[in-house]
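The values are calculated or read from the model by the stated rules, or taken from the named source; none is laboratory data. Note that the structure is a prediction, hence the values are computed from the model and not measured. Please note: Cβ atoms are built from the backbone with ideal geometry, for glycine as well, and neighbour counts cover all protein chains shown. With ligands, DNA and RNA removed, areas are computed over all heavy atoms of the protein, side chains included. Shrake-Rupley method; radii C 1.70, N 1.55, O 1.52, S 1.80 Å.
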Amino acid sequence: LTTLQLRASPPMRRSRAAELALGRPRRARLDRMAARDKVRYYYLRAAERAADRGLGRPAHKTPLEYERDLETAWPDAETDVHELTEAFLDARQAPRDIPETEVSVVQETWRRVMKALRRPTGPQDQAR
């Protein structure tokens, strides 16, 4: 293929699973996702934001171990971080269906976590 042919090729589309794995599905598709996938999206997006702020989740840490790191860095978001983590674990492991009403609660929790992640981290950052 020539450079011109490569430039003219349509962009490849990612599958929904690949988008979830990357933590960033197209927003227009969020309303088409299953409730379980929405919950996972909210958690993964928050983890991505935390990584952007310098607190990524190392591969060797479980979500519960990572939760403690986030709660230490943003103590004012401790309850919301815990609820988002629990919802994520439930979405990953529970065999039950997740109702859309529960997704709405998770989305509100996610919004509060995302807002908290915009603030400086714990006491070490607040002294700067």
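A few points about this structure:
- Difference of contour (0.36 nm per residue) and Cα-Cα distance, Ser104 to Asp69: 10.1 nm
- Residue order for Thr121, Thr62 - accessible surface, 1.4 angstrom probe, largest first: Thr62, Thr121
- Between His60 and Gln93, the simple spin-label model (points 7 angstrom out along Cα→Cβ) gives 2.1 nm.
- Pairwise FRET efficiency - Glu48 versus Thr79, Cβ, R0 = 25 Å, nearest 0.05: 0.75
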